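Right, one structure below, let's go through it.
No value in this document is a laboratory result; all are computed from the given coordinates. As the structure is a computational prediction, the values presented were derived from the model and not from experiment. Cβ placement follows ideal geometry from the backbone for every residue including glycine, while neighbour counts extend to all protein chains displayed.
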Amino acid sequence: MKRRNLLSTVAAAALAAAPLGAMAQTAYPTKPITVIVPFAAGGPTDALARVLTARMGEALGQTMIVENVGGAGGTIGVNKAAKATPDGYTILFAHMGTLAVNIALYKSLPYDSQKDFEPIGLGGTNPMVLVTKKGLPAKDFKEFEAYVKANQKKAQYGMAGIGAASHLGGLMLNSMMKVDVLEIPYKGTGPALNDLVSGQFDYMVDQAVNVLPQIKAGTIKALGVSTLKRLPQLPDVPTIDESGIKGYEVTIWNGFFVAKGTPKDAIDKLNKALVTALGDEKVRARLIDQAVDLPEPKDATPEALRAQLKASIDKWVPTIKAAGVQPQ
Ligand code: ASP
């Protein structure tokens, strides 16, 4: 055999013997990536996912397609992502409700958020706002509290299912106000907000990114924010804590995850794309304007998200139990 032929035979043999992981290193991603958002379109998770993945897709050279899989407080979508083929082509964008809080709210869940997923990185943390329908006879938090206390079992609050962020926000508020009101579940707070605007229920605690435009348009009222400091976007709206519900503080982190078993190369590339998106000035300006607390690119590591998930489970599971909420 001529020397040249011998060399190419050796090269071909080496390629054939290369472990799959090493070959994937240069290839991924070769086709569009599905991003499961476990809530309806037009809500806060969807909004954040779309802005971030549009930029991530550019960085990866592939389209990222958002698939809204709403229902059961996000558990249906999260479960679908947990059971997806672990090849990096199905990823999850979910929040601390669906991955940490709901451990205390369901007797059993079809997934284990710490064992069934690999974190990619944090995608932003959202403050929440207590919003009411325009016609609710309350001009401030005190009047709202008095109204709900006087109308127990008749007043209605909207939420995106058991374990959703809006459920946690409403549940903690109702429990700390010591009121019993009716829950109106939706597949996401996008559709819930439409019904609040048309006055079909009384109030909701939802992520700022979703409700700010309607507050500014005057179609709903903002009576409190869920952080211990007021929001620059709503300087005249007091915190719920300063209005008398001492210690009320709920913020919602969101992050990207993949099913356990996904090749490390895909995780690294997805993380790098996220870091690129978080470092993009246009992306930052747009989301920060909507009150999203964005991590610095260097802080969006898989390890930081893993630690965040654990810290939220350690914080919220006992808090919800202490509030006397029975799992379903
Ligand atoms: N994040 C959900 C949504 O996007 C709502 C929620 O968790 O309350 O609709």
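Worth a mention:
- Within a Gaussian network of the chain (alpha carbon springs, distance under 10 Å), most fluctuating of D293, D46, D140: D140
- Whether the chain is rounded, prolate or oblate, judged on the alpha carbon gyration tensor where a/c under 1.5 counts as rounded: prolate
- For Y248, Y111, order by how many other beta-carbon atoms lie within 10 Å, fewest first: Y111, Y248
- Based on the convex hull around the alpha carbon atoms, region 67-113 presents an average projected area of 3.2 nm².
- Under 15 Å from the Cα of K310 - aspartates and glutamates, other chains or at least 8 residues apart: D112, D116, E118
- Close amide H pairs (under 5 Å, H built 1.01 Å from N) link T301 with L122, residues at least 5 positions away or on another chain.
- Each residue in E296, E249 was given a count of other beta-carbon atoms within 10 angstrom of its own, and listing them fewest first yields E296, E249.
- Three-way shape call for region 170-233 based on the alpha-carbon gyration tensor, with the a/c threshold at 1.5: oblate
- Under the convention that each Lys and Arg Cβ holds +1 and each Asp and Glu Cβ holds -1, the size of the dipole of the chain around its Cα centre is about 620 debye.
- The phi-based Karplus calculation (6.51 cos²θ - 1.76 cosθ + 1.60; θ = phi - 60°) puts the 3J(HN,Hα) values of region 124-141 at x, 10, 10, x, 10, 9, 7, 10, 10, 5, 4, x, 5, x, 8, 9, 8, 4 Hz, whole numbers, x for Gly and Pro.
- Computed packing ranks the peptides 125-137, 60-72 as 125-137, 60-72, most packed first, by mean other Cβ atoms within 10 Å.
- When the P(r) is computed for region 98-159, the part past 15 Å accounts for 69% of the Cα-Cα pairs.
- Overall form of region 220-328 per C-alpha gyration tensor (a/c, 1.5; a/b vs b/c): oblate
- Straight-distance crosslink candidates among lysines, where the alpha carbon sits under 20 Å from K178 and sequence neighbours closer than 8 are dropped: K142, K149, K153, K154, K246, K321
- Once the Kirkwood radius over Cα pairs is known for region 269-328, the Stokes-Einstein relation at 20 °C and 1.002 mPa s delivers a diffusion coefficient of 155 µm²/s.
- HN-Hα J in Hz across region 29-43 - Karplus 6.51, -1.76, 1.60, θ = phi - 60°, x for Gly and Pro: x, 9, 8, x, 10, 8, 10, 7, 10, x, 9, 4, 5, x, x
- For the chain, the 222 nm mean residue ellipticity estimated from helices alone, with every DSSP H stretch of n ≥ 4 adding -39500 (n - 2.57) and the total spread over all residues, rounds to -13000 deg cm²/dmol.
- For the chain, the residue among T227, A104, T90 whose Cα projects farthest onto the positive side of the dipole built from Cβ charges is T90.
- Taking amide H as placed 1.01 Å from N in the peptide plane, M159 has its amide H under 5 Å from the amide H of I184, Y186, each at least 5 places away in sequence or on another chain.
- Comparing Cα centroids, region 113-154 and region 166-243 end up 4 angstrom apart.
- Between the Cα long axis of helix 3-17 and the first principal axis of the chain there is an angle of about 30°, rounded to the nearest 10.
- Axis angle, to the nearest 10 degrees, between helix 264-278 and the longest C-alpha principal axis of the chain: 50 degrees.
- Cα long-axis angle, helix 208-217 against the chain (0 to 90 degrees, to the nearest 10): 50 degrees
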